[in-house]
Amino acid sequence: MVQAAGTAPKSKSVPLSQQVQDLRETVLQLQKQVDYLEMLVPPSTAVLMPDARKLSSIRVNGATFLMSIDKPSGNAKGSDFVLTIVNPQSITYTNVAFDIRVYGKDANGDPNAYTNALLVSRVTPALAPGQTTQFRFAVPGMSPEDFTAAYVASMTFGGIASPATE
């Protein structure tokens, strides 16, 4: 078949319903990839930047908590910071424990710096529904200017309080 000069070949148009179906399949595939990547990151960890102005989410055994740290301030032996934890759910969690690794500027993004980071820990008896709780941590030997980040290395809770005990 010879095409007449000056005419363009007809392009096949894809029906709108097929385009929508293709987009759905693409979105589902991307969601599977996101879910897989989220599985690779330990859910009970979070990186908290000083004075970040937003709460970071941390998932622990099906529960979600929101956390942030304030800008470190100086003290006689180094610095201290306040950790804020929010329980956005309608359940009271008991025996909530968390370990935090504090990094200074000398870490320079080194993944092995985790082993040298200062470890601070805390356990609180309960976090009530909608409750915001703050804890002050001392960081000896690290000036506020050197304080770079706090990494919540782990967080656990012992149980869920029954409505009768709340």
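Below, the figures for the structure above:
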item: Net length gained if the chain between residue 154 and residue 105 were fully extended (0.36 nm per residue, minus Cα distance); result: 15.4 nm
item: At R0 = 25 Å, FRET efficiency that the Cβ-Cβ distance of residue 161 and residue 56 yields, to 0.05; result: 0.50
item: Solvent exposure of the range 47-161 as accessible area per residue, Å², 1.4 Å probe; result: 52
item: Accessible area of the range 47-161 belonging to carbon and sulfur atoms, whole % at 1.4 Å probe; result: 51
item: Cα coordinate range in the range 47-161, projected on the principal axes (Å, largest first); result: 41, 28, 23
item: Segment residue 16-residue 135, length gained on full extension (0.36 nm per residue, minus Cα span); result: 37.3 nm
item: Neighbourhood net charge (13 Å Cβ-Cβ; Lys/Arg +1, Asp/Glu -1) for residue 147; result: -3
item: For residue 105, net neighbour charge (Lys/Arg +1, Asp/Glu -1) across residues whose Cβ lies under 10 Å away; result: -3
item: Net charge of neighbours whose Cβ lies under 13 Å from the Cβ of residue 120, counting Lys and Arg as +1 and Asp and Glu as -1; result: +1
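The values are calculated or read from the model by the stated rules, or taken from the named source; none is laboratory data. The structure displayed is predicted, hence computed values, not measured ones. As a convention, Cβ positions derive from the backbone with ideal geometry for all residues, glycine included, and neighbour counts pool all protein chains shown. Areas reflect the complete protein model, heavy atoms only, side chains present, ligands, DNA and RNA absent. Shrake-Rupley method; radii C 1.70, N 1.55, O 1.52, S 1.80 Å.
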